[in-house]
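Just so it is clear, none of the values below were taken in a lab; they were calculated from the coordinates. What you see is a predicted model, and the numbers here were worked out from it, not measured in a lab. Every residue, glycine among them, receives a Cβ derived from its backbone with ideal geometry; neighbour counts consider all protein chains shown.
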Amino acid sequence: MRFQVLDSWRGICAVLVALHHLRLANHYESLAFYKGSFLLVDFFFVLSGFVLMQAYGGRLGSGRDLLGFIIRRFGRLWPLHAAVLGLFIVVAAAKLAAVHVAHVSLQNAPFTGEQSWTSLVANLVLLQSMGLTDLVTWNGPSWSISAEFWAYLVFGLLLQKAPAHVGKLSLLMVGVAGSFLMWRSDTLMDTHFRLGLARGLFGFFTGVLVHILFTRWPRRWLVAATGLECVVVAMVIAFVSLGYDSNWSFAAPLVFATPVYVFAEGRGRISDVLRHRYVQRLGVWSYSIYLLHAWVIVQFFLVVALLTRLEGRIPVLALVHSVTKHTYARDAVSVTLLAVIVALSALSFRWIEAPSRSYFNRLARRFMRSN
């Protein structure tokens, strides 16, 4: 069973997270919802737990099943992550060449700080959410990919070793991870490279519990579906807007459990809109949108910095710079950059995500047959 409406929500949230990271002093930057949009990453975790419980609950009965699961999940996450990481490395290498060959002065030396060799190794082996560094490194948003992958492993082990107790163990995981976050985080729920794994486990196993409730509880109470969907959307907007900078932010996975539960049923008019093919495409491209957007934004600001240096020599650049100081012009630039991100994501899905997913799925099936 595929939850099409939830796929669309994944795409919308990916776009909103990209917008959150694009800071151009636009009209929307003063909105509280914009400031709290980082919490939408927790929606991804909850949704992942829900979807994987649907796909694999009760189906990892042997060690071979577990290994096949791990191969598939690794193939879902790592190839695109590695490809985008490669793009960052190419740019860093170009900077290094510019420093040594063209004697260009840079504020931050290549392959140091947030792009050090040590942190590169951590990123390659998906350990960038484990507190091994004291800052966000390389492709910043990929911390959640690290957290999600290790949550997959814990989930797979629970399904394989204790399938009859997944619900109780998931509840324990939610309690322990959530309590640990509240105890250790000094940045509320906006923690990633240091406590990212705990945040991922909290959200993921909340999603597992939501699926258990979804399949076991009768859903006859989901009447007046359109009105209920409107209430849920309003609740999420209010929570993200009002709770992001307080202790309420720790409730994010629990709050997002409600829209996942309601929109999994998908009975209302909002769900009908979310089934539109164009919105569905955002869901298909959501992973690429999420992983690619930081690279696009970084390159944009590199170009802006270069043009700023040249504007004294090229008068037309000074004119462009003066125009982009206006807020409406910055709004237009934001929309354009989002369009570029979505377009590149469509290409990366076609040429990287889809082929690599197919390859690793075949590899998992072949390995399971050979053992």
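Using the number of other C-beta atoms within 10 angstrom as an exposure proxy, rank Arg72, Arg275 with the fewest first. Don't jump to the answer; show the numbers that get you there.
Values: Arg72 19, Arg275 14.
Sorted ascending by nearby Cβ count, the order is Arg275, Arg72.
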Under the rule rounded for a/c under 1.5, else prolate if a/b exceeds b/c, else oblate, using alpha carbon gyration tensor axes a ≥ b ≥ c, the chain is classed as prolate
What is the packing order of peptides 197-208, 261-272, taking the mean over residues of other C-beta atoms within 10 Å and listing the highest first?
197-208, 261-272
Please build a GNM for the chain, connecting alpha carbons under 10 Å apart, and tell me which residue among Gln54, Gln128, Gln107 fluctuates the most.
Gln107
Which of the aspartates and glutamates could be linked to Lys95 by a straight reach, that is with a Cα gap under 15 Å, when you skip same-chain ones fewer than 8 residues away?
Glu114
Residue with peak Gaussian network fluctuation, the chain [Cα springs, cutoff 10 Å], from Val333, Val232, Val17
Val333
With a 10 Å Cβ neighbour count serving as the proxy for reagent exposure, in which order, fewest first, do Cys13, Cys230 appear?
Cys230, Cys13
For every other residue with a beta carbon closer than 12 angstrom to the beta carbon of Leu201, add +1 if it is Lys or Arg and -1 if Asp or Glu, then tell me the sum.
-1
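Please state the charge dipole magnitude for the chain, taken about the Cα centre, from unit charges on C-beta atoms (+1 on K and R, -1 on D and E), reported in debye and rounded to the nearest 20.
Details: 33 positive and 16 negative charges, 272 e Å.
Here the size comes out at about 1300 debye.
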Taking H placed 1.01 Å from N in the peptide plane, check which residues at least 5 places from His192 or on another chain put their amide H under 5 Å from its amide H.
none
Sort Val303, Val231, Val236 so the one with the fewest other Cβ atoms within 10 Å of its own Cβ comes first.
Val303, Val231, Val236
Most fluctuating residue given options Asn26, Asn108, Asn247, as computed from a GNM of the chain linking Cα atoms under 10 Å:
Asn108
When the charge dipole of the range 4-370 is computed with +1 at the Cβ of Lys and Arg and -1 at the Cβ of Asp and Glu, the Cα pointing farthest to the positive end, of Leu126, Tyr152, Phe193, is that of Tyr152
In degrees, nearest 10, the alpha-carbon axis of helix 40-56 is tilted away from the dominant principal axis of the alpha carbons of the chain by 40
Excluding residues fewer than 8 places away in the same chain, name every one of the aspartates and glutamates whose C-alpha is closer than 17 Å to that of Lys161.
Asp65
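Specify, per residue and in Å³, the volume enclosed by the convex hull of the alpha carbon atoms belonging to the range 1-107.
Details: hull volume 16.6 nm³, N = 107.
So the per-residue hull volume is 156 Å³.
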Can you divide the C-alpha Rg of the range 134-201 by 2.2 N^0.38 Å and report the result to two decimal places?
1.21
Picking from Ser170, Gln54, Leu80, whose Cα lies most toward the positive end of the charge dipole for the range 4-370 (charges on Cβ: Lys, Arg +1; Asp, Glu -1)?
Gln54
